[in-house]
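Presented below is the structure to which this report refers.
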Amino acid sequence: MQTATTLDVLRKRVAKLREGGETIALVPTMGALHEGHLTLVRRAREACDHVVASIFVNPTQFGPNEDLDAYPRQLEDDAAMLESQGCALLWAPTVEEMYPGGAQNFVTSISVSGVSEGFCGASRPGHFDGVATVVCKLFNQVLPDMAFFGEKDFQQLAVIRAMARDLDLSLPQAHSIIGVPTVREADGLAMSSRNRYLSEQHRAAAATLPRAMKEAIARIEDGQDVASALATLKDALLSAGFASIDYADLADSASLAPIASLNGEHGEAPARLLVAARIGKTRLIDNMGVG
Ligand code: PAF
């Protein structure tokens, strides 16, 4: 696997990979890789001739109270993992290379209104503008045929799809931006770089999140009203030791508009249950399909 740290080298290496009309898949990451990321690389390899993975801890998607400096960085280990999965090229730019004008001084950030404000956007203002901006840059830098993202960050995926569609990027169709189902630990907890921050006790209690979500989904699918199924879900999390719940809502999986009832007129897309809750100091998110 080769590594590029400058845009010039990246473009030359991508052009080389493309020789003979070969296709490129992009897997954007912020590093601290786990099995979830490696699953993205494997899916990308099945779909395209070559995989380019990026590792960039993007400052513009961190809020002033979020600890950018504490975000785990382990480039050498990550590179070895990517190589073991057959990744052809690692794009690991510095902040200066990604934002030559300075991270506070980039083109007015790309804002995808409608899908960015609710859910995680409500407690992380500006977060999805930073995500949309850096992913737009990554798409323009690599010009991939397809790009792969984890469904675990479901709102992020909706933001990226809307951004690519509205800006007419080279891969705007839904079938070229692929959402890969969440990879889970044996007890159902969604894999996340943040799980490493959980104490032993909180790690054990964290498994209540996917369990309570599945129970809520079963109740909703059995006809129980959404509000009371969600109230039971929140009670289960608080009883298990979660400190607070940022949101636990049912939404249209494309527009992320709230859904009050499965029988309501909420459009064509299936419903999605999305939850964010804090245990100790760690904020966990998860989502699952409903109906
Ligand atoms: O999901 C992530 O790791 C990041 O938000 C992404 C998509 C790589 C953009 O920085």
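Specify the residue that is farthest from Tyr71 (Cα to Cα); the eligible residues are those in the stretch 268-284 that are assigned to a strand (DSSP E or B) and open to solvent by 30 Å² or more (accessible area, probe 1.4 Å).
First, the residues of the stretch 268-284 that are assigned to a strand (DSSP E or B): 271-279, 282-284.
From the residues that got through so far, the ones that are open to solvent by 30 Å² or more (accessible area, probe 1.4 Å) too are 272, 278.
Details: Arg272: 29, Arg278: 18 Å.
Selected residue: Arg272.
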* To do: Could you tell me whether any residue of the stretch 180-192 is within 11 Å of the ligand (Cβ to nearest atom), closer than 30 Å to Lys12 by Cα, small (Gly, Ala, Ser) and crowded, with 17+ Cβ neighbours inside 10 Å?
  => no
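Of all residues in the stretch 31-46, which are open to solvent by 20 Å² or more (accessible area, probe 1.4 Å), touching a residue at least 12 places away in the same chain (Cβ under 8 Å) and more than 9 Å from the ligand (Cβ to nearest atom)?
Listed by number, the residues that qualify are His34, Glu35, Thr39, Arg42, Arg43, Arg45.
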* Condition test on Asp246, is it part of a loop (DSSP other than H, G, I, E, B) and open to solvent by 30 Å² or more (accessible area, probe 1.4 Å)? -> no
* Kindly indicate the residue of the stretch 81-110 that is at pLDDT 95 or above and among the polar types (S, T, N, Q) and also farthest from Tyr247 (Cα to Cα) among those meeting that condition. => Ser84
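With the condition kept exactly as written, say whether any residue in the stretch 182-201 is aliphatic (A, V, I, L, M) and part of a strand (DSSP E or B).
Yes, there is a match, as at least one residue in the stretch 182-201 is aliphatic (A, V, I, L, M) and part of a strand (DSSP E or B).
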* Go through the stretch 1-30 and count every residue that is open to solvent by 40 Å² or more (accessible area, probe 1.4 Å), in a strand (DSSP E or B) and of a type in the set (Gly, Ala, Ser). => 0
* Structure fact -> Of the residues in the stretch 164-177, those that are surrounded by 18 or more Cβ atoms within 10 Å (Cβ to Cβ) and either part of a helix (DSSP H, G or I) or within 9 Å of the ligand (Cβ to nearest atom) (or both) number 1
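The values are calculated or read from the model by the stated rules, or taken from the named source; none is laboratory data. Please read these numbers as outputs of a predicted model, since none were measured by experiment. Please note: Cβ atoms are built from the backbone with ideal geometry, for glycine as well, and neighbour counts cover all protein chains shown. Ligands, DNA and RNA are excluded from the accessible area calculation, which covers all protein heavy atoms including side chains. Shrake-Rupley method; radii C 1.70, N 1.55, O 1.52, S 1.80 Å.
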